[in-house]
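Written out below as structure tokens is the structure these notes cover.
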Amino acid sequence: MNVPPIVSAEQWRAAREELLVKEKEATRALDALAAERRRLPMVEVDQPYVFEGPEGPVSLADLFEGRRQLIVYQFMDNGPEDYCSGCASFTDNVGRLEHLHARDTSYACVSDMPLPQLTAFWQRMGWTVPVYSSRGTSFGLDCGTGGGFGLSVFLRQDEAVYRTYFTSGRGVDRLRLDFNLLDLTPFGRQEEWEDSPEGWPRTKPYTWWRLHDEY
């Protein structure tokens, strides 16, 4: 298996400092994007969605749990005998929610899967992230997931709820901690789409993803 070239400590520091300049440029670009994102307009959500939760029916406003901001991950529905490995591994990477709560922000997963299927899966995975079933509603479709996955952000102002942001695909992908950490390593995610040197280990995306109790 090929590995990175071996150099002296001085050569390594020079190469690292050269890359650091580009990393700082990327950081400033991401800061600028975040600033622009904070200035996006918002649209009122006036559809009276009713989700099924562990304690019974709830509204979109209820998902805020009394906080002003809400982040919702739309978990794919792959049918009664399957679970989306990508959605599962994304949810596996969600940490303690107290840090979001400290900034008046709630987080929840919503899926068109029936609630009993969701709660059974949540119990198996040991997840404590709030989960609700949107089955029978147009919530996922209205959010633009089209039966897939996505992440939406909402703001509550008095009794009104507004949608402020949405992303899917690679926009959600880059939020995963494991991917961000792997991107720091010599071999990266080891997926075929990556621009890696010849001879680097690589497989197709998804093929190496597992539920955490299946590795």
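The values are calculated or read from the model by the stated rules, or taken from the named source; none is laboratory data. All of these numbers come straight from a predicted model, not from anything done at the bench. A quick note on method: Cβ atoms are made from the backbone with ideal geometry, for glycine too, and the neighbour counts reach across all protein chains shown.
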Failed item in (1) more than 16 Å from the chain's Cα centre (by Cα); (2) modelled with pLDDT under 95; (3) surrounded by 14 or more Cβ atoms within 10 Å (Cβ to Cβ), with T145 passing the rest: (1)
Just one listed residue, out of E81, E52, is touching a residue at least 60 places away in the same chain (Cβ under 8 Å), within 22 Å of G147 (Cβ to Cβ) and not aliphatic (A, V, I, L, M), and it is E52
Looking at (1) within 27 Å of R189 (Cα to Cα); (2) touching a strand residue (DSSP E or B) at 6+ places or on another chain (Cβ under 6 Å), which is the one condition that is false for R67? (1)
Inside segment 89-124, can you point out the residues that are among the hydrophobic types (A, V, I, L, M, F, W, C), assigned to a helix (DSSP H, G or I) and under 15 Å from L175 (Cβ atoms)? F90, L100
May I ask you to list pairs of residues, at least six apart or on different chains, whose Cβ atoms are under 8 Å apart, with the first in segment 163-177 being more than 14 Å from M76 (Cα to Cα) and the second being outside any loop (DSSP other than H, G, I, E, B) and hydroxyl-bearing (S, T, Y)? R163/S152; Y165/S152; F166/S152; R176/S89
A careful count of residues in segment 1-39 that are modelled with pLDDT under 95, among the aliphatic types (A, V, I, L, M) and either in contact with a strand residue (DSSP E or B) (Cβ under 7 Å, 6 or more places away or on another chain) or surrounded by 10 or more Cβ atoms within 10 Å (Cβ to Cβ) (or both) gives 1
So in segment 94-109, with the set limited to residues that are at pLDDT 95 or above and within 25 Å of W208 (Cα to Cα), which one is farthest from the chain's Cα centre (by Cα)? C109
Any hit, segment 106-118, residues being over 30 Å from T207 (Cβ atoms), touching a Lys or Arg at 6+ places or on another chain (Cβ under 7 Å) and surrounded by 11 or more Cβ atoms within 10 Å (Cβ to Cβ): yes
Would you point out the residue of segment 180-209, among those that are in contact (Cβ under 8 Å) with a residue 60 or more places away in the chain and on the phi < 0 side of the Ramachandran plot, that is surrounded by the fewest Cβ atoms within 10 Å (Cβ to Cβ)? E198
Residue list for segment 126-142, restricted to those being of a type outside the set (V, I, T) and within 17 Å of the chain's Cα centre (by Cα): W127, P130, Y132, G140
Taking segment 46-68 and keeping only residues that are surrounded by fewer than 15 Cβ atoms within 10 Å (Cβ to Cβ), outside any strand (DSSP E or B) and over 21 Å from the mean Cα position of the chain (by Cα), one is left with D46, Q47, P48, P54, E55, G66
Being touching a residue at least 40 places away in the same chain (Cβ under 8 Å) and buried (at least 16 other Cβ atoms within 10 Å of the Cβ) narrows it down to one of V72, V94, so name that one. V72
Looking at V72 and the list (1) at pLDDT 95 or above; (2) outside any helix (DSSP H, G or I); (3) out of contact with any Cys (no Cβ under 9 Å at 6 or more places or on another chain), which single condition is not satisfied? (3)
Out of all the residues in segment 137-169, which are in contact with a helix residue (DSSP H, G or I) (Cβ under 8 Å, 6 or more places away or on another chain) and either among the hydrophobic types (A, V, I, L, M, F, W, C) or not assigned by TED's automatic domain parsing to the domain that holds L115 (or both)? F149, L151, F154, V161
